[in-house]
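Student: Okay, here's the structure, questions in a sec.
What follows is calculated from the coordinates using simple rules that are stated; it is not laboratory data. In this text the structure is predicted, and so the values were computed from the model without any measurement. Reconstructed Cβ throughout: ideal geometry from the backbone, glycine too, with neighbour counts over all protein chains shown.
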Amino acid sequence: MENKKLDLIVAKLMGIEGQLDQHSDRFDTMENRFGTIENRFDTMEKRFDWVEEELKRFDEMEKRFDEMEKRFDTVEDTLVRVEESHIKDIEAILHQIDKKMDTRDYDIQVLNKRMFKVESDIERLKEK
């Protein structure tokens, strides 16, 4: 009877051992799956790191574009000021030329009157 009990206990223990082996296999399978999932997460993390670096580069490029835009605005403002300044300078030069032309016109008129008087005097003298 004791042998039967021992055989029964051994049989139950072997059944338990079989179940433990099945559970161990399941745990190994789960561990492998978790390893695969962990590898996938590592890959995703690397991809996110890459995306993050690219976003940083885009932010840097955006800052550079903003800076360039400010520089272009400054250059445009400077060109407008230079253009306006040139227009004012040209207007001032033309105004001076106009004044000088008026003075020359007056001088020419005076000379014409003198010449006319001299020619008239010469003609009068000729007739005498």
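Student: 7 Å from Cα along Cα→Cβ at both residue 95 and residue 120: what's the point-to-point distance in nm?
Tutor: 3.9 nm
Student: Can you tally the lysine pairs in the chain where the Cα-Cα distance is under 19 Å and the two residues are eight or more apart, or on different chains?
Tutor: 6
Student: Just to verify a number: FRET efficiency for residue 23 and residue 49, C-beta to C-beta distance, R0 = 35 Å, to 0.05?
Tutor: For residue 23 and residue 49, the calculated efficiency is 0.40.
Student: To the nearest 10 degrees, how steep is helix 2-127 against the longest Cα principal axis of the chain, on a 0 to 90 scale?
Tutor: Result, in degrees: 0.
Student: Using a basic spin-label model with each label point 7 Å from the Cα along Cα→Cβ, how many nm lie between residue 128 and residue 12?
Tutor: That separation, rounded to one decimal, is 17.1 nm.
Student: Quick check: net charge around residue 38, other residues with Cβ under 12 Å of its Cβ, Lys/Arg +1 and Asp/Glu -1?
Tutor: Overall, the nearby charge balance is -1.
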